[in-house]
Every structure is written in C-alpha cells, then in structure tokens.
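Shown next, in structure tokens, is the structure this report addresses.
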Amino acid sequence: MRRTGGDLRALAPVLPLLAGAGISALVALIVAVASWGPLSGGAGAQPSPGAAKGRPEGQGPPLPSPAGSPVPIDPPGYSPVQPVIRTSFADPTVLKVAGGYVAYGTNNSTATMPVATATSPTGPWKVLPGDGLARLPAWAMEGRTWAPEVVPPGGGSGSYVLYFSARRKGGDEQCIGVATASSPAGPFIPREGAPLVCPLNLGGAIDPASYIETDGTRYLLYKSDDRRTAAIHLVRLSPDGLTLAGPPKQIMARRADEPVLVEAPDLVRRGGRYVLFYASGWYFKPNYQTRYAVASSIEGPYLKAASPLQSTGGYGGRIAGPGSADVLADDSGDYLVFHGILGYHGGTTVTRGMYVTRLGWDGARPAIRGVPVRYEAERARLNGCVGAPVRPTASGGRTIGPFTHDGCRVDVPVFAPAAGPYSVTVRYANATGYDADLELSVNGHAATSLRLSATAGAGWAVVTAKADLTAGWNTISLRRVAGQGEIDYLELR
C-alpha cells in the first residue's frame, strides 16, 4: 500500500520513456483521467485510515466508501483468479498516484524494472515501453534485478524512492540498492557507492519492503538470502529513506512445517496490530504460497497463522504458486497484489504474471476474494432446533440436523472481504428418499432457496447458491421449508 502522490502532472516525466504510439496512449490516459476526476471518494471523501509501508498509518481497516461516492467498477473479464498482466511481471508492487496506479515488477526480457499503469486496481493494466530503472549502480550487474519497492515523496525528500535487489559484481550474492526519481514511473537514477543493505555473511539480501510508522519513522524489511538460514529482517532508515539509521534485527524465521524458506515480506498495520505478509516455498514450484503473522510490536514477536492465506491448493489449482504479495490501500478498501505461475520452462525458469484480489479485514485477520472459506455447520448458532450428531465422514466430524419441523432455522456467521456477489456451497446428506427445501437468507433478508435432493445412503452432495454480501461479517441463515436433511458445512467463494 502506498500514499497518493502529487497531481496528474506527476506522470508527465514518464513521457521521455516512451515513443510514438506509447506517448499517444499515455496522453490519452491522462486526459481521460483528468476528465473523470477522482476515481473514488470525490471531494470531501474520507481518506483511508489504514496504512502500511508507503504512508503513516492510522487506526483500523479502511472505511467503506462514503454513501453516494463512486465505487470502482471492475473491467469486463476481471476475476480474482485471472491475471491482470499475462506476461512476465513477477514480484509486483503497486503505487497509487492521483488519477491512477503504477505497478513495478522484477526484471524480464525487455526491462530491468518493467512498469505498468491502470486507472483502477483491477485494470485494465498496460505495460509501458521502456525501462523504469535508468541503469544499475556500479556495484551491480544485470540479469537479477528483483522485487522493486517504490515509496512516494516524504520525510523531507521530494523524490520517489526505489528499493531494489541486484547481483553484486565479483560475487553471486544479491544486495539491496536505492534509486530516486521525480516521477512515479521513473526513470529512477541509482545512488552510487556501496549498496544500502548487503549482509554477505548471510548470503546477501533480497525483497526490500518499506514501512512508515505514524510518527514518520521509516523502516526497511528484507530477506537474508542464505537458503539454509533465510529469515526476515527489519532495519530503521533515515527520514529521507536513503540511508540506514540503526542495526538490523531478525524478526522472523522459517517454521518447521513451512516449505523451504521465508521471503517477500510486506508489513501493514490493521486492527491495531502489525500484520506481516510473507511467502514460503520455491518461487518456481507450485508449493509457493502466501502466509501471514501478527504482532503487537513492530519488532515482534510475530505469531504465525496456522495455514496459508494463498496456496495452489487453496485456489483449487486455478492459480499456481501464488506469492510475493503486496498490499495496496484504496479509498474503497484494500487489495492484495501478487504473482502466480503462468508457465514452466524447465528448472527454475517460470513465467509469473500479476494478479489482484480484494482484501478485507476481521480485525488483524486478512481475508481475500477467490479463495473459498469453509464454515463448519456445527459451529453455527443452532437456535435449539437441530442437533450436531457425530459423523466420521463429515468435514469437521459432525453435521447439524435433521431439520425436523417447519421454520427451524440455523444462523452461520460468515466474513466477506468486500461487498458483492458470492457463491455459497452447502454440503449435505438427505437419506429420507424425498427432496427437502431450505430458504437461504442473508442478514435477515430472504435471498434464494436450496433444494436438498435425496442422496443415496449416507452419501454426500453439494448445492450452490448465489448471495449478495456486505463487507465484513454477515449472517447466512438456513430455514426449513419442507423435508429433512443434514448439513456438513458452508463454503464461501
């Protein structure tokens, strides 16, 4: 997540990067954005009170859009499980600027730091011609310029600051450098001299991520690159973000049940706590995944969530190796920007594209669109009208039911990361030999009906319905209309 930067003229320095049709396209984009006005919120709209690495952070998650304010409209074809950039754009990070958004990625075959722009977080995204990084510093060599991080002007500096990792000359280690630019799309000019961070005793460093406290104190997070001891480190920066202002501290290491290593940190503050996103696994394998941990102090200790937030299995194989996640805060709420594997080319060579999904918060617990969340029925409010018998073949070892009389209702609290339509899948058994019907309602309003067709013996079946949910906690109620049946779980997608 980054702070809104400047006005539309901030994009003007991008023009020297482009040629011919590229200039015309960008000019058309700027003119169109200027004629539309602000993308969300409008005059007098409340700024998002949440913050992360690009601006000082307030308390709590972003507020919903004020009544009557514009709501971002997803472009045709957008889906949280489809890439918004279908070419090589790994380790993406997105910066919000007045009138639009700028994304940055790991080097590919055409640029040391590819840059893309859009007028909405969900696209459409356009990869710009040219290169966002003018050149590498004298200490670095080409070919491994990874995981850029861009921070808007602040702390007495009028420049955009870029942190990047690159391979050092004379060795195989990666180190972190810093560059500045007057425009969010560059070209960024590297600062010469020694790298900003280069712990050779730890195998070097990659994956820089910026965080700014409410009092303006700047920090940099990064991963030490020795594969045997890879860990996440935190170091305080000078007010302009260009030099170190203290010794680094390791704040997270790999847990035994996590695959291979930890990397790609991204820190935000939500629900009054620090939430550290990170990746685990090999970036070129399907086991790459996004995890998170929570702490009350920026230096930890961080308590890790029991399971991944994103994984290939969690997406049902629709996204392979989701990871290197970055939080983007918008007036209408948060988004999670990340990459997934689009193609395997042998060994460690893969093509990774950029994805965007809406991100919601239950206090400090993140929730995203696209990954199904299961709610065991026996944990619902049963209202005294059904039991919760043991069923060894049930998901949680129990079911609820049977619904023995008309009007019998159970209430299932579910959390929606963003307002909108959701699929609600119900797993059930109905061995009565007759179909049963339930009414599904949301927050007290009838939404649709569910037909529980008769199942063979003790077999299970599923039925899916559509429901419109509000952002945050909702109550899905199931009320008997006719017949009987047992419910195993509800799954929200």
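By the Kirkwood approach, averaging reciprocal distances over each pair of separate Cα atoms, the chain gets a hydrodynamic radius of 23.9 Å.
With a simple spin-label model that places each label point 7 Å from the Cα along the Cα-to-Cβ direction, the separation between Ser238 and Val481 comes to 6.9 nm. Residue separation of Asn201 and Ser182 scaled by 0.36 nm, minus their Cα-Cα distance, works out to 3.4 nm of gained length. Amide H of Arg144 versus every other amide H placed in the peptide plane: which residues, excluding those fewer than 5 positions away on the same chain, fall under 5 Å? Hits under the 5 Å cutoff: Arg167. A simple rule links phi to the HN-Hα coupling: the Karplus curve 6.51 cos²θ - 1.76 cosθ + 1.60 with θ = phi - 60°, which for segment 357-366 gives 9, 5, 10, x, 9, 9, x, 9, 9, x Hz, with x for Gly and Pro. Sorting the segments 323-331, 362-370 by their residues' average number of neighbouring beta-carbon atoms within 10 angstrom, most packed first, yields 323-331, 362-370. If you take the beta carbon distance between Arg451 and Tyr78 as r and set R0 to 41 Å, what does 1/(1 + (r/R0)^6) give as a FRET efficiency, to the nearest 0.05? About 0.85, to the nearest 0.05.
Once the chain from Asn443 to Thr214 is taken as fully extended at 0.36 nm per residue, the excess over their C-alpha distance is 78.8 nm. Please report the spacing between the Cα centers of segment 147-202 and segment 444-483 in Å, no decimals. Centre-to-centre (Cα) distance: 52 Å. Converting phi to 3J(HN,Hα) with the Karplus coefficients 6.51, -1.76 and 1.60 and the offset θ = phi - 60°, segment 387-396 yields x, 10, x, 6, 9, x, 8, 6, 4, x Hz in sequence order, with x at every glycine or proline.
For Thr87, the amide hydrogen comes within under 5 Å of the amide hydrogens of Met354, counting only partners 5 or more places away or on other chains and with H modelled in the peptide plane. What the phi angles of segment 311-323 give under the Karplus curve with 6.51, -1.76 and 1.60, with θ = phi - 60°, is a coupling list of 7, 4, x, x, 8, x, x, 6, 10, 9, x, x, x Hz, glycine and proline written as x.
Applying 1/(1 + (r/R0)^6) with r as the Cβ-Cβ distance of Phe284 and Ile189 and R0 = 35 angstrom yields a FRET efficiency of 0.65. Size descriptor for segment 297-427, Kirkwood hydrodynamic radius: 18.0 Å (Cα pairs only, one decimal).
The alpha-carbon of Lys223 sits under 22 angstrom from the alpha-carbons of these lysines, leaving out residues fewer than 8 places away in its chain: Lys53, Lys169, Lys249, Lys285, Lys304. Rounded to the nearest 0.05, the FRET efficiency derived from the C-beta distance between Thr404 and Ser109 at R0 = 45 Å is 0.10.
Around the amide H of Ala418, modelled in the peptide plane, lie the amide H atoms of Gly472, all under 5 Å away and 5 or more residues distant in sequence or on another chain.
Between the helical axis of 21-36 and the dominant principal axis of the chain, each derived from Cα atoms, what acute angle in degrees is found, rounded to the nearest 10? Tilt relative to the chain: about 60 degrees. Measuring from label point to label point, each 7 Å out along Cα→Cβ, what is the Thr470 to Arg227 span in nm? About 5.1 nm, to one decimal.
Going 7 Å from the Cα of Arg379 toward and past its Cβ, which residues in segment 385-409 have a backbone nitrogen under 15 Å from where you end up? Under cut-off, by backbone N: 395-400.
Read-outs throughout are calculated quantities, based only on the coordinates presented, and are distinct from any laboratory measurement. These numbers come from a predicted model, not from an experiment. Glycine gets a Cβ as well: all are built from the backbone with ideal geometry, and neighbour counts include every protein chain shown.
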